[in-house]
Each structure stands twice: as structure tokens, then as C-alpha cells.
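S.K.: Okay, here's the structure, questions in a sec.
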Amino acid sequence: MNQSVIFSDQLFIETNQVRFIAQLQGMNINCFASFGIISKLCDHQDVSQHNAAGLFEQYRFDLEDKAESLIEQEAFNDSGEIIVVC
């Protein structure tokens, strides 16, 4: 693809996952990182709706990097979303 992916600062804490937004060519792409994936990055800390935003921010660069790679691979789910996996 070789396009620039831009990530917004917005985070949405949902049930068992964090949604963050990427933008490519003016199109918004929902990206999701499960609490389990965030926990793996945080040495298996417990992740809940109360601490998910703070822990996400600690690993934002890594999560965005993984999401960008998946976007470049066009690894969208059936809904056009990106699910970050480790």
C-alpha cells in the first residue's frame, strides 16, 4: 500500500477491548486491542475498564505499529476493522 496511516488520540474503552481509530486516505478504520493483548504487552498485568486506557497509553506505539502493519497487509475483518494480535 505504501500510504501514511494516521492515528487519532481518541480511545474508546469497550467490554474487554480498547477501540482506537486509524485513518487512511480519509477513511476511518476501527482498530481493536483486546484486554488480553494489552495484558501480554504489560507482563500479564490484569487489565480492566478502569486501567485499560492508562495501560494502552504505555504501549500505544507498539499497538499502533501492529495495527499499521495489519492495515498495510489489508488484514481487515468482515466489518472492515483491524483486530490487533501479538
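The values are calculated or read from the model by the stated rules, or taken from the named source; none is laboratory data. Worth saying up front: this structure is predicted, and the values here are computed from it rather than measured. We place every Cβ from the backbone using ideal geometry, glycine too, and count neighbours over all the protein chains shown. Surface accessibility is based on the protein's heavy atoms, side chains included, excluding ligands, DNA and RNA. Shrake-Rupley method; radii C 1.70, N 1.55, O 1.52, S 1.80 Å.
S.K.: Grab the other residues whose beta carbon is less than 13 angstrom from that of Phe7, score K and R as +1, D and E as -1, and report the net.
M.R.: Residues close to Phe7 contribute a combined charge of -3.
S.K.: Still on this model: Calculated from DSSP H runs of 4 or more alone, at -39500 (n - 2.57) each and per residue, what is the 222 nm mean residue ellipticity of the chain, nearest 500?
M.R.: -9000 deg cm²/dmol
S.K.: Tell me, rounded to the nearest percent, the portion of alpha carbon pairs in the chain spaced more than 15 Å apart.
M.R.: Summing the P(r) of the chain above 15 Å gives 53 percent of all pairs.
S.K.: Oh, and also: Along its three principal axes, how long is region 1-51 when you only count alpha carbons? Whole Å, largest extent first please.
M.R.: 36, 19, 14
S.K.: At a 1.4 Å probe radius, carbon and sulfur cover how many percent of the accessible area of the chain?
M.R.: 42
S.K.: Follow-up. Provide the per residue accessible area, probe 1.4 Å, for region 1-43, rounded to a whole number of square angstrom.
M.R.: Accessible surface, normalised per residue, equals 56 Å².
S.K.: Right, another one. Taking a label point 7 Å from the Cα of Leu24 along the Cα→Cβ vector, which residues of region 51-86 have an amide N closer than 18 Å to it?
M.R.: 62-86
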